[in-house]
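The values are calculated or read from the model by the stated rules, or taken from the named source; none is laboratory data. None of the values given here were measured: they were computed from a predicted structure. When we count neighbours, we look across all protein chains shown, and the Cβ atoms used for this are built from the backbone with ideal geometry, even at glycine. With ligands, DNA and RNA removed, areas are computed over all heavy atoms of the protein, side chains included. Shrake-Rupley method; radii C 1.70, N 1.55, O 1.52, S 1.80 Å.
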Amino acid sequence: MRSPNLYAFLVLAWMIAFAGQPAGAQETASGKPILFGSDIEGGGPYLFIGPDGKPLGFELDIVRALEKRMEIPVRHLQYDFASLVPGLLKGDFAMAMNGLEVTPERKEKVRFTRPYYIYRQQLAARAGEKRFEDLDSAMGISGLRFATMEATAAERFLRQKGVDLATYPSPTEAYAELALGRIDAVLLDLPMAVFYAKKNPQLRFCGPPVEPGEYAIAVAPSNPELLEKLNSALIGMIDSGELRQILEKWDLWDEVQVSLAGGGLHDHSQSQKWSVFTILQMLMGGALITIALTVCSFAFAILIGFPLALLRVYGPSPLRLLVIIHVEFFRGIPVYLLLLLVYFGLPELLPGLSLNPFVASVIGLGLNYSAYESEIYRSALQTVPAGQWEAALSLGMDRITAFRRIIAPQAMRVALPPMTGDLVALFKDTSIAGAISLVELNKQYQILAKSSLQFLEIGLMTALIYLVLSVPLGWLSRHLEKSMGKDENN
Amino acid sequence: MDLITSKGSRKAIELREVWCRRGQRSVIQGVNFSVAGGETVALIGPSGGGKSTLLRCLNGLTEFASGEISVCGRRLLPNGKTPFADLRYVRTSLGMIFQDYRLFPHKSVLANVMEGPISVQGKTHDEARALAEGLIRRVGLADFAGQSPGSLSGGQQQRVAIARALAMKPTGLLCDEITAALDPQLKSEVLGLLAQLREEGLTILMVTHEIGFARKSADRIVLLDGGKIIEDGPPEKVLNHSESERTREFLQQVIG
Ligand SMILES: Nc1ncnc2c1ncn2[C@@H]1O[C@H](COP(=O)(O)OP(=O)(O)OP(=O)(O)O)[C@@H](O)[C@H]1O
Ligand SMILES: [Mg+2]
């Protein structure tokens, strides 16, 4: 079966299917698949997408082994790294495994299995750096700028030391900024340093790895059976040497894991080339989600905006006031905030409500655009002269018939051009849904770019897809504006 | 063509002690008058005298405060209390024509005329089309049926508006300065049509400044000033032999 493209497509379908499917933590008992939350965007060597579009990573290998030992199928759920703990507690997935360091803060909220890897922090600098040789000497220099990934143990450590610190959502950005000279040193977990910095000739490791800690799998406190199963499976893997094999395969075995020296190093991600076809195929998958999100959100916005406009123009004044408040609220706050409120805030308010990212995005974007749509309809309705009402009524029509046959069609002609304009704007605004881990076109780009490190090529391809879809809509909008304008002049 | 069935001498419109307020002021102050079926009455008077208001009260576009109004045998109730069925009957019995035409700009000339029969009287598309085509021919616009109202001259638009009202098979028309916005030769197109409709027995109550037309074609002239009727009689009497100082003053201004 030498058909990597078909495979890539299946993986994509699998990701989309599971991105939209929350799973309760209680499902372990039934033998149904359980979900593990992890961020593909965080990248190698934990879990990332290989050049053929196939997911890879030492954690994926561990999951496959655990799956066999526990006899429970485990599926991946794409999830923002920084949101793994809240997502786990929300019940979006049963276990979180993503180089999740065992920190006192996390231990307060979730239960951890026994560790499957002992990590240490590695300092990296530019190859030509002369000012410091290791972490200690670096911290003695004033004015030095550090960076790391957000929500990591390294961030916690550096914040405690009070250094000048920038944080990024993934290691790739941190190392890219380091190479560009915008920052001076990056401290990150050794696996990331090995995966991203070691092979980069512009960068070098400074001193030995320090500050050891543990990676373990996080489980919700309400799910002790799963914790027990994972622990016994992990013991089995350690005893049989299976875990060591996996770590060795990924160049992660070192004297800290057990006091044994490993074999030779082999680099997994050097000199691999992504096929343009694979990338395009995956981007198209993201584009489909973006289109679906645009259509659904716009339909939702119209569905809410239209009745609101009717109330605003023809309703009694207390209701009119409510509509004004709705409009001002939803167009006054950032969509990004609104999305976080719907996705993370709403379940807090209504426990048991489990919105998947797609539905949450439709609600968030729909509410935001309902404010704009209702304003468009309001002003469109108000441009229809009162005389049109009187002409219709004096023919003997009732108000509903008059509205439906005479007023609404005229208002529609006024509303159509700005509506098309809004559709284009909404189409681009859907990129915000990546914030709540919906893998739409823009998020797909981020994942692919961070896995392949080809920011420019994939970025241009993504831009091209956006343009191909949005430019014709823009033309339609301007055409409508012109032709409607002509009518009015006569 | 059998467009109109006249109700002979039965009262088509009757007002008794009608008062009507707009804003704070009483705009109609105890008006009594009537129009017989088939009669043509010209309503004249100075600007702000309440002519439009009176006309609008007659088909319920404006509410009146007290008094009695009956139109084609149906009572209208004060303060907007008239049941919709009666209101619809009154509105379809007396078509209303406005100074600014008020055609539906999103519909063709033909569709404008078909609209009422379809959406009010429930006629089928084909019935409405046959009726509308006849009326459009009747007002001399057969060549324009497919056009949008915006591409027609003012006089043509006003004739379409009349055809649209006639499509409801009314017994009468309420016309509010329907030629005021038109050039002289366009005026005569519309006034000529009105005179023909009068010949066919339609009841017509028209607000107008066309004293010449009123003299020739109206059965009666009514002068409304300050919300009160100060003159009501045959044209000859009102225009030439009025006893009222106010009437003579007004006519002086209009005719010059
Ligand atoms: N919608 C309204 N709200 C308040 N006052 C109004 C309104 N419409 C008319 N009026 C007032 O009612 C009075 C009578 O107006 P109306 O339009 O009936 O007069 P008219 O005789 O038709 O005058 P014209 O010859 O200028 O058309 C005027 O003083 C006018 O200001
Ligand atoms: Mg008037």
Open item on the list: If R₀ is 25 angstrom, what is the calculated FRET efficiency for the pair A:Phe277 and A:Lys199, using the beta carbon separation as r and rounding to 0.05?
Closed with: 0.45
Open item on the list: Translational diffusion coefficient of the stretch B:1-136 at 10 °C, 1.306 mPa s, Stokes-Einstein with Kirkwood Rh over Cα pairs, in µm²/s as a whole number.
Closed with: 95
TODO: Work out the charge dipole of the stretch A:118-212 with +1 on the Cβ of Lys and Arg and -1 on the Cβ of Asp and Glu about the Cα centre, then indicate which of A:Val194, A:Gln121, A:Thr152 is farthest towards its positive end.
DONE: A:Val194
Task: Computed accessible area, A:Phe329, all protein chains, 1.4 angstrom probe, square angstrom - done: 100
Task: the stretch B:131-251: antiparallel DSSP beta bridges as a percent of all, rounded to 5 - done: 50
Open item on the list: Tell me the carbon and sulfur percent of the accessible area for the protein assembly as shown, rounded to whole percent, probe radius 1.4 Å.
Closed with: 56
Task: Shielding score for A:198-204, defined as the mean number of other chain Cβ atoms within 10 Å - done: 0
- [ ] Calculate for chain A the 222 nm mean residue ellipticity that helices alone would give, adding -39,500 (n - 2.57) per DSSP H run of length 4 or more and normalising by residue count, nearest 500 deg cm²/dmol.
- [x] -17500 deg cm²/dmol
TODO: Output ³J(HN,Hα) for the stretch B:63-69: one whole-Hz value per residue in order, computed from phi by the Karplus curve 6.51 cos²θ - 1.76 cosθ + 1.60 with θ = phi - 60°, and x for Gly and Pro.
DONE: 7, 10, 8, 7, x, 10, 10
- [ ] Can you spot the lysines whose alpha carbon is less than 28 Å from A:Lys198's alpha carbon? Ignore those fewer than 8 places along the same chain.
- [x] A:Lys54, A:Lys130, A:Lys161, A:Lys249, A:Lys273, A:Lys443, A:Lys450
Task: A:Lys32 paired with A:Leu165, simple spin-label distance in nm, labels 7 Å along Cα-to-beta-carbon - done: 4.0
Task: P(r), alpha carbons of the stretch B:81-131 - 5 Å bins starting at zero, rounded % - done: 4, 18, 21, 24, 20, 10, 3, 0
TODO: Can you pull the one-decimal nm distance between simple spin-label points at A:Ser470 and B:Lys11, each 7 Å off the Cα toward Cβ?
DONE: 7.0
Open item on the list: Please list, ordered by chain and number, the residues whose modelled amide H lies under 5 Å from the amide H of A:His76; skip anything fewer than 5 residues away on the same chain.
Closed with: A:Phe36
TODO: Let me know the longest stretch in chain A that avoids all GluC sites (Glu not before Pro) found in a DSSP loop with at most 11 other C-beta atoms within 10 Å.
DONE: A:256-490
Open item on the list: Just to confirm my numbers, what's the Cα centroid distance between the stretch A:47-119 and the stretch A:294-322 in Å?
Closed with: 43
Open item on the list: What is the distance in Å between the Cα centroid of the stretch B:38-59 and that of the stretch A:132-157?
Closed with: 89
Open item on the list: Please report the antiparallel percentage of DSSP beta bridges with both residues in chain A, rounded to the nearest 5.
Closed with: 60
TODO: Note the per residue figure in Å³ for the convex hull of the C-alpha positions in the stretch A:118-212.
DONE: 83
Open item on the list: I'd like the mean, over residues of A:393-406, of how many other protein chain beta carbons sit within 10 Å of each residue's own Cβ.
Closed with: 6
TODO: Output the Kirkwood hydrodynamic radius of the protein assembly as shown, Cα pairs only, in Å rounded to one decimal.
DONE: 32.3
TODO: Relative to the longest principal axis of the C-alpha atoms of chain B, give the angle of the C-alpha long axis of helix B:125-138, reported between 0 and 90° and rounded to the nearest 10°.
DONE: 60
- [ ] Would you rank A:His76, B:His125, A:His326, B:His209 by solvent-accessible area, highest first, keeping every protein chain in place and using a 1.4 Å probe?
- [x] B:His125, B:His209, A:His326, A:His76
- [ ] Starting from the Cα of B:His241, move 7 Å in the Cα-to-Cβ direction to define the label point; list residues of the stretch B:186-223 whose amide nitrogen is under 16 Å from there.
- [x] B:220-221
Open item on the list: Sorted from largest to smallest, which semi-axis lengths in Å does the alpha carbon gyration tensor of the stretch A:276-489 give for its equivalent ellipsoid, taking the root of 5 times each eigenvalue?
Closed with: 38, 23, 12
TODO: Run through the DSSP bridge list for the stretch A:118-212 and note the antiparallel percent, rounded to the nearest 5.
DONE: 60
- [ ] Rounded to the nearest 10 degrees, what's the angle between the helix B:184-199 long axis and the longest principal axis of chain B, both from Cα atoms, 0 to 90?
- [x] 90
Open item on the list: Of A:Gln78, A:Gly315, A:Leu353, which is farthest towards the positive pole of chain A's charge dipole, taken about the Cα centre with +1 and -1 on the beta-carbons of Lys, Arg and Asp, Glu respectively?
Closed with: A:Gly315
TODO: Can you pull the one-decimal nm distance between simple spin-label points at B:Asn79 and B:Gln253, each 7 Å off the Cα toward Cβ?
DONE: 3.5
Task: Spatial separation of Cα centroids for the stretch B:185-256 and the stretch A:375-442, in angstrom - done: 46
Open item on the list: With a 1.4 Å probe and all protein chains left in place, how much accessible area per residue does the protein assembly as shown have, in Å²?
Closed with: 43
TODO: Give the accessible area for A:Leu367 in Å² (nearest 10); use a 1.4 Å probe, count only protein heavy atoms, and leave out ligands, DNA and RNA.
DONE: 30
Task: Rounded to the nearest 10 Å², the accessible area of A:Trp253 at probe 1.4 Å - done: 40
Open item on the list: Please give the charge dipole size of the protein assembly as shown, origin at the Cα centre, charges +1 on K and R Cβ atoms and -1 on D and E Cβ atoms. Round to the nearest 20 debye.
Closed with: 2040
Open item on the list: If each residue of separation counts as 0.36 nm, what is the full-extension length gain between A:Lys130 and A:Glu211 once their alpha-carbon separation is subtracted?
Closed with: 26.8 nm
TODO: Measure nothing but the geometry: give the 0 to 90° angle between the long axis through the Cα atoms of A:4-19 and the longest principal axis through the Cα atoms of chain A, rounded to 10°.
DONE: 70
